1. Counting only other chains, what is the mean number of Cβ atoms within 10 angstrom of the Cβ of each residue in peptide A:42-54?
2. Residue-wise, which Karplus ³J(HN,Hα) couplings in Hz belong to segment A:485-502, taking 6.51 cos²θ - 1.76 cosθ + 1.60, θ = phi - 60°, and x for glycine or proline?
3. Shape verdict for the protein assembly as shown, please, from the Cα gyration tensor: rounded (a/c under 1.5), prolate (a/b greater than b/c) or oblate.
4. 222 nm [θ] for chain A, helices only, -39500 (n - 2.57) per DSSP H run of 4+, per residue, to 500?
5. Take each of the peptides A:21-28, A:434-441, A:486-493, average the number of other beta-carbon atoms within 10 Å over its residues, and list them starting from the highest.
6. Hey, what number do you get for chain B at 222 nm if only DSSP H runs of n ≥ 4 count, each worth -39500 (n - 2.57), divided across all residues, to the nearest 500?
7. Residues with amide H under 5 Å of A:ILE207's amide H, sequence separation 5 or more or different chain, H placed in the peptide plane at 1.01 Å from N; which?
8. Normalising by the residue count of chain A, find the relative contact order in percent from Cα pairs under 8 Å and 6+ residues apart.
Amino acid sequence: MIQEYRDISDHIIEDVDVCVIGTGAGGAVVAKELAEKGLDVVALEEGSHFTVKNFNQDPGDMMAMMYRDSGTTVALGLPPASITLGKCIGGTTTVNSATCFRTPREIIEKWSSECECNGLVYQELIPYFERVENEINVTELTQDVLGNIYQIIKRGAKELGIDAKPLKHNVRNCEGAGVCQWGCIRRAKQSTDVSYIPKADNYGARIYANCKARKLVVESGRVRGVEGVFIDPLTNKKRYRISITAKVVCLAMGALITPAFLLKQNLANISGMVGKGLTIHPCGRVVAEMEEDVLGHHGVSQGGQIDTFADEGIMLEGIFIPPGVMAMALPGVGEDHKYLAKHYNNLAAFGVMVSDTTRGRVFPGLLGYSYLAVYSMNQADAEKMRKGISHVADIFFAAGAKRVFSGCYAMPVLNSRNDLNEFRKIKIKPWHFEVMAFHPLGTCRMGNKPMSSVVDLNLESHEIKGLFVTDGSPFPTSLGVNPQVTIMSFATRAAEYINANLHRY
Amino acid sequence: MPYSVLSKKEAGIIAAMGSGVIPRGGRNFALGAADLEDKWLVRTDYLLSRMPLPTRLGLKLAVHVLNYGWPLMYFRKFKALTSMDEQERTELFHVIESSRFPGSMSILVVKVLVFPAFYGLAEAKDAIGYQEKFPNPEFEGLKD
């Protein structure tokens, strides 16, 4: 049973095998896997529990309801990067685009050979990928839900000799409602709130929503439990406390909040690496005005992909958004804006995702914020962004676009291929781009050596026995692809390790 | 209209900003932000109410500063945004958006406060011909 603030009427004391903090891709998996093995598990989630009964498809309302800080979370820097995070049962999996990739083999090999992760073998991860994909039903999207933007991209790409493919999503009976990021109204997306969490619940895990972890209890180098508090989501007032004694604690609050939580308590940081090494996959959005009716919102919001440039660190993936958010991304006020709004049904959009070499940093949050992140995209990544945008613009022009909006302040509108050629040559600085990011990773990196990494290859802290980090924080470099399957697979592997070694704690 | 976090003055400034970015009339659609002011301002108020206190206070302060700061900076006039007519506001926002620095990044504040709230309204969706693929018949209401 998921208990929320309103269900709690007194302070709670728990004595369990495992306490998991966070119910997104990392936390929900560990909770379910260990509860299924018969361990006594408690999971804490700061946000509320929402269902299809609360989803009205409106981005403004949904961001205010389900996103951390109403969707205003950012990494400070030049340019500032918007990094939206889910704050609800299911975490960011509830509000992501449902795109699934296995970790690329070359990334695992790179971690093993260059990032002090000796012993990590791709082949050994395959059973975990398969287990996760089976749980969340990863499947290739069918033509009927891909929508018109995919057809436009495919058409343009074909003209240029580039291959466009459908993405794989974690969905069951997807009908292409086009609102993946605002809560799936058809219950198709298998986010953890509809896949792992109900199973964890069935296996006896106790799940507390509106519950914020405040303190790790650590004694003699061993984790002993967690202190938390229930917070009224309406008033933010704290009322009842929860005190958990646990043999094992798994931190799965995401790569921005987990390190901030540890830094605030000065824990597990003998290496000095907690909070360092932040990668975010900076993303750009390219919008095209087409002659034809596109109705981009009548299909999955992220349907197609082009991985032709993946070796250069550039992935091109679909993205489409409702008018209120689209209008923010487009230039123009007054009649210029009204023209684009009126032609919303003629707009197509596609995204650029950069596998970043920039590294940012996370600090403890101030003034009530959960974290402070600093990240300034470097020139090399800005060039990749320009290149990715140019590729997408080229594809749109090949498909017959009237004009293309680049998302680059230096040249926001491209009216023709001549403009595109100029865009390829102009002097570009990182702050010329409007940057969004969706995949913070790397802030509690894993590795073999305690002096240069925070957790070992089983995701257990080098310093504090029984403390695991099972979100995206341990990954030493960016993945170049959407990370939810990677996070879930490593969490599954960590859960297996915890179960096999529980007697040690 | 009582708001939960916006003062009357702040609501007035945001309404003025809205009417500058989405003026009434024109050849595309007649509806302007001013026509539905009471409705979308309530939604902006809700969005703000869910933001962390420092973010909310920062935005509220920015609104007051920009009310006088933008006309002074870009038009060299000591005249509040709220005292301008719709056409003047639109012209001002054009100048800001096309300025070299900070350009469209600064106008984003206005867009964040106006667009998601305005385009969530049924009247605005109708005006631009937007229709969701499916309704959600199970929707019962928002939750805290």
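Every read-out reported here was derived from the displayed coordinates using simple, explicitly stated rules and does not represent laboratory data. All values reported here derive from a predicted model rather than from experimental measurement. So basically every Cβ, Gly included, is an ideal-geometry build from the backbone, and we count neighbours across all protein chains shown.
1. The shielding value for this peptide is 2.
2. Each residue of segment A:485-502 in turn: 5, 4, 4, 5, 5, 5, 5, 4, 5, 5, 4, 4, 5, 4, 4, 6, 10, 4 Hz.
3. Taking the square roots of the gyration eigenvalues as a ≥ b ≥ c, the protein assembly as shown is prolate.
4. Working: 12 runs with 139 residues, N = 505.
Counting only the DSSP helices, I get -8500 deg cm²/dmol.
5. Numbers: A:21-28: 31.9, A:434-441: 25.5, A:486-493: 27.0.
Output ranking for A:21-28, A:434-441, A:486-493: A:21-28, A:486-493, A:434-441.
6. Numbers: 6 runs with 85 residues, N = 144.
So the calculated ellipticity at 222 nm is -19000 deg cm²/dmol.
7. Placed amide hydrogens put A:GLN3, A:ALA43 under 5 Å from A:ILE207.
8. On the way: 1281 pairs, mean separation 118.6, N = 505.
Averaging sequence separation for qualifying contacts and normalising by length gives 23 percent for chain A.
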